[in-house]
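Colleague: Following this message is one structure expressed as structure tokens.
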Amino acid sequence: MDEILDNLNEEQIKPVKETEGAVLVLAGAGSGKTRVLTSRIAYILREGKATLSGILAITFTNKAAQEMKDRLARFTGGEGKWICTIHSMCVKILREFADRAGLKPNFSIYGDAERNNLIKKIFKELDFDDEKLLKSAKYHIGNAKMLGLDPDIYGRKFAYERGMDDIVVIYEKYQRRLRENNALDFDDLLMETLRLLRRDVETLDFLSDKFRYILVDEFQDTNAVQYNIIKLLAKKHKNLFVVGDDDQSIYGWRGAEIENILKFDKDFPEAKIFKLERNYRSTKSILELANCIIKRNSSRRGKTLWTDAAEGQKPVYYQAEEEAQEALYAARIIRDGVAAGAQYSDFAVLMRINALTRSYEQEFSKYGIPYKVFGGFKFFERKEIKDILAYLRLISNPFDSEAAERIINVPRRGIGEKTIAAMYEYSDGAGLSLYDAALDCDRLGIPQSAKDRVTDFANLIKGFVISAQTSPIGELVREVISLSDLRSAYDDGTDDGDAKLANLDEYIASVDDFCRLNPEATLDEYLSQLSLYSDLDDMDDGNYVTLATIHAVKGLEFPVVFVCGLEEGIMPTSRAEGEDIEEERRLMYVAITRAQKKLYLTRSKSRYLYGHRDITAPSRFIGELAEVLPSAASNDGLRQYSRYDGYSYRGAGYRQPRASAYEDSGYQSDLPFGTGAVSSFKPSFGGLYGSRAKQASEGKYSVGMRVKHPKFGVGMVVAVKNGGNTINVAFDGQGVKELSASLAPLEIL
């Protein structure tokens, strides 16, 4: 028995055994590319071609890197230090060769929030007040770094852009300030690594010799800087193995270049190319949709996904009259599935933009459906968490003036803007940091009372710096929170304040988890790990429905998927034209291929978004799917039967069903649209999860009845509608809520 190869199919074995030279694997969605990558590493090790330390495997999420490490550990028992994201790799290189890169090894890493704060501050220092210029500067600085261009070169290349001379000045000052703060932003990690490899022959020779084999996952997501780094590191041995799917290239907006995968064999003429087209994830019906949508793109190498799996249930297209009905449709299907044996975690609602989560959050809250939102505001971006992290950044890197300014008055210490301005005047003139100015506060021209407060702050930080030399990270975090009295900054007796305090406790728990897994980690290593944190890393095994942008779930899969908001202007976005439409179509392809068993495509005929309600048009992608999605082929994409738990709409193609037929049907999740067969419809979760859920009996609630809801509290039924299927409840302090009688988790008092 061959432990490595026996679990692979014939198409997967070929690239695994092709160990020498350049190799491109075009891996379709769900085709087992992670298994191929890990099997190839294990095969190389077994054949004695390299040691684990001589293999560099680059992924694009921490979660994917950890999955590869875990799989390899079962093969080899090794740790795999160089199985990591490309940003993690760059951090390791820059810290190890900091002196050669012109850096201090304890540099801070700035995320988007720190970058934007610093740019905004520089903007004010330069006496600019044009908000459009500020927004433009933020965009162009990020764009310049994705392209790997310094301020002067970028300014010449884009001289035609409005305000470019001012933007170059802001960019130059921003870079100087980063250096003064001993900080790099996320894009600098890549740029500085590329600069180091290009100008330092010894470092490049050492690393390119060290990594005999280089493997790159999600190659379609690489940008120009990343690809140049990879090519340099592969310069000596030329054993470059890249895996990707041009049909899943969805990050052009942040610099990913699909040309890297389309033209790989031009950069490496001897490259061997393999295709993985067998899908292990989805049913035939779902793959039929995926192949149908993506074949319309011209910028692709061409693959057709296939599977030995069953035909499966046909994907369903549903049109709601407005967004609450669209969300209620999903809520009903989810509750029925869970009652029939499914887990909430089997379901995902995917959308093009995070703004669409509102109606789902509202409807799911009504009916006690647990959910978690991804692709929006991340835990580590919350103010209270960034405050504690700023303390840790300053302790690790006293040059970090942005961190010092953030927490010098958190909690309030009475250190005002005039005092901080005086500190900056001193530090800028002396070439020092803001923390140095605090240590030298006797030299500042400020009142003695202000000096005393600044001295107290400086001594507090000094004590933390000393403690950090010997204290474990978990102990240090607790000490910082306690001695700085950080909790007092949020303990204001409000619900928001209580939530912030709870988040601090959750943060402490996350630190403890990190320490259990990394008992020897330093503070610098911990901060590096956090700075490279992505939204996907927050996805756990909890039993909740996933509400997420499509970008946030790439690489994941779910038994049941709803793709919502399929309207022109949303999916595809109104900004898309030309080549961008192809990326939007790839995004649709990614959304479809997240589904394993069941797929629902939904839209609303009208939607309240960005402050006003508009009539919408169905996404062009629905029309493109009409040949394999019959329900989308007529009458504005669908012949719709829309009387739905309290909603009585008369849109295009509407028919009023008999009350008995409606009650018999329960709800219209898998209605064979266009047939008019309302009374004969039955939900079809039984084949997937077992027996179907029992529906609530008619007449369960009556006007005047007192009820209790787990979220809204105690209330009174004030109206019963639609034969008892819909009730209005006036909740104490919450107002009147319209609820589905069969779904609402109500306790009769």
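Colleague: Identify, by number, the condition in (1) of a type outside the set (A, V, I, L, M); (2) surrounded by 19 or more Cβ atoms within 10 Å (Cβ to Cβ); (3) part of a helix (DSSP H, G or I) that Pro398 doesn't meet.
Modeller: (3)
Colleague: Additional query: Out of (1) open to solvent by 20 Å² or more (accessible area, probe 1.4 Å); (2) at pLDDT below 90, the odd one out for Ile385 is which?
Modeller: Looking at each condition in turn, Ile385 falls short on (1).
Colleague: Give just the number: which of (1) open to solvent by 40 Å² or more (accessible area, probe 1.4 Å); (2) modelled with pLDDT of 90 or more; (3) under 30 Å from Ala576 (Cβ atoms) does Ala339 not satisfy?
Modeller: With respect to (1) open to solvent by 40 Å² or more (accessible area, probe 1.4 Å); (2) modelled with pLDDT of 90 or more; (3) under 30 Å from Ala576 (Cβ atoms), Ala339 is out only on (3).
Colleague: Which helices (runs of 4 or more DSSP H) does region 573-675 wholly contain that include 3 or more residues that are at pLDDT 85 or above?
Modeller: Passing ranges, in order: 579-592, 620-624.
Colleague: So, restricting to helices (runs of 4 or more DSSP H) that lie completely within region 266-382, which ones have at least 2 residues that are more than 25 Å from the chain's Cα centre (by Cα)?
Modeller: It comes to 284-294, 323-339.
Colleague: Hey, among Leu532, Leu486, Leu566, Leu547, which residue is open to solvent by less than 30 Å² (accessible area, probe 1.4 Å) and in contact with a His (Cβ under 7 Å, 6 or more places away or on another chain)?
Modeller: Of Leu532, Leu486, Leu566, Leu547, the one residue that is open to solvent by less than 30 Å² (accessible area, probe 1.4 Å) and in contact with a His (Cβ under 7 Å, 6 or more places away or on another chain) is Leu532.
Colleague: Oh, and also: So, of the residues in region 456-483 that are open to solvent by 50 Å² or more (accessible area, probe 1.4 Å) and touching a residue at least 12 places away in the same chain (Cβ under 8 Å), which turns out to be farthest from Leu392 (Cα to Cα)?
Modeller: Asp456
Colleague: If you check Val511 against the conditions, is it without any contact (Cβ under 8 Å) to a residue 60 or more places away in the chain, β-branched (Val, Ile, Thr), open to solvent by less than 10 Å² (accessible area, probe 1.4 Å) and under 19 Å from Asp387 (Cβ atoms)?
Modeller: yes
Colleague: All but one of (1) open to solvent by 10 Å² or more (accessible area, probe 1.4 Å); (2) closer than 26 Å to Pro15 by Cβ hold for Leu276; state the number of the condition that does not hold.
Modeller: Evaluating Leu276 over (1) open to solvent by 10 Å² or more (accessible area, probe 1.4 Å); (2) closer than 26 Å to Pro15 by Cβ leaves (1) as the failure.
Colleague: Assess whether Tyr160 counts as being open to solvent by less than 30 Å² (accessible area, probe 1.4 Å) and hydroxyl-bearing (Ser, Thr, Tyr).
Modeller: No.
Colleague: Suppose the filter is modelled with pLDDT of 95 or more and of a type in the set (Asp, Glu); does Glu288 pass it?
Modeller: Criteria met by Glu288.
Colleague: Working carefully through the options Asn182, Asn228, find the one that is of a type in the set (S, T, N, Q) and within 30 Å of Gly555 (Cα to Cα).
Modeller: Asn228
Colleague: I'd like the full set of residues that are more than 15 Å from Gly704 (Cβ to Cβ), part of a strand (DSSP E or B) and touching a strand residue (DSSP E or B) at 6+ places or on another chain (Cβ under 7 Å), limited to region 732-741.
Modeller: Lys737, Glu738, Leu739, Ser740
Colleague: Here's something else I'd like to know. Checking Ala502 against (1) more than 25 Å from Leu118 (Cα to Cα); (2) open to solvent by 60 Å² or more (accessible area, probe 1.4 Å), which test does it fail?
Modeller: That leaves (2) as the condition not met.
Colleague: Identify the single condition in (1) in contact (Cβ under 8 Å) with a residue 12 or more places away in the chain; (2) open to solvent by 20 Å² or more (accessible area, probe 1.4 Å); (3) not acidic (Asp, Glu) that Lys263 does not satisfy, given that it satisfies every other one.
Modeller: That leaves (1) as the condition not met.
Colleague: With respect to Lys418, determine if the residue is more than 27 Å from Ala521 (Cβ to Cβ) and open to solvent by 10 Å² or more (accessible area, probe 1.4 Å).
Modeller: The answer is yes for Lys418.
Colleague: Here are Lys69, Lys81, Lys63, Lys33: which of them is open to solvent by 10 Å² or more (accessible area, probe 1.4 Å) and farther than 30 Å from Thr593 by Cα?
Modeller: Lys81
Colleague: Before we move on, is Phe107 open to solvent by less than 50 Å² (accessible area, probe 1.4 Å), out of contact with any helix residue (DSSP H, G or I) (no Cβ under 6 Å at 6 or more places or on another chain) and under 28 Å from Ser208 (Cβ atoms)?
Modeller: yes
Colleague: On to the next question. Quick check on my filter: what residues within region 279-288 are surrounded by fewer than 17 Cβ atoms within 10 Å (Cβ to Cβ) and either over 30 Å from Gly21 (Cβ atoms) or among the aliphatic types (A, V, I, L, M) (or both)?
Modeller: Lys284
Colleague: Related question: Provide a single number: the residues in region 117-147 that are over 19 Å from Glu402 (Cα atoms), open to solvent by 70 Å² or more (accessible area, probe 1.4 Å) and part of a helix (DSSP H, G or I).
Modeller: Of the residues in region 117-147, 4 are over 19 Å from Glu402 (Cα atoms), open to solvent by 70 Å² or more (accessible area, probe 1.4 Å) and part of a helix (DSSP H, G or I).
The values are calculated or read from the model by the stated rules, or taken from the named source; none is laboratory data. Everything quoted here is computed from the prediction, not taken from an experiment. Don't worry about glycine lacking a Cβ; one is built from the backbone with ideal geometry, like all the others, and counts go over all protein chains shown. Surface areas here come from the heavy atoms of the whole protein model, side chains and all, with no ligands, DNA or RNA. Shrake-Rupley method; radii C 1.70, N 1.55, O 1.52, S 1.80 Å.
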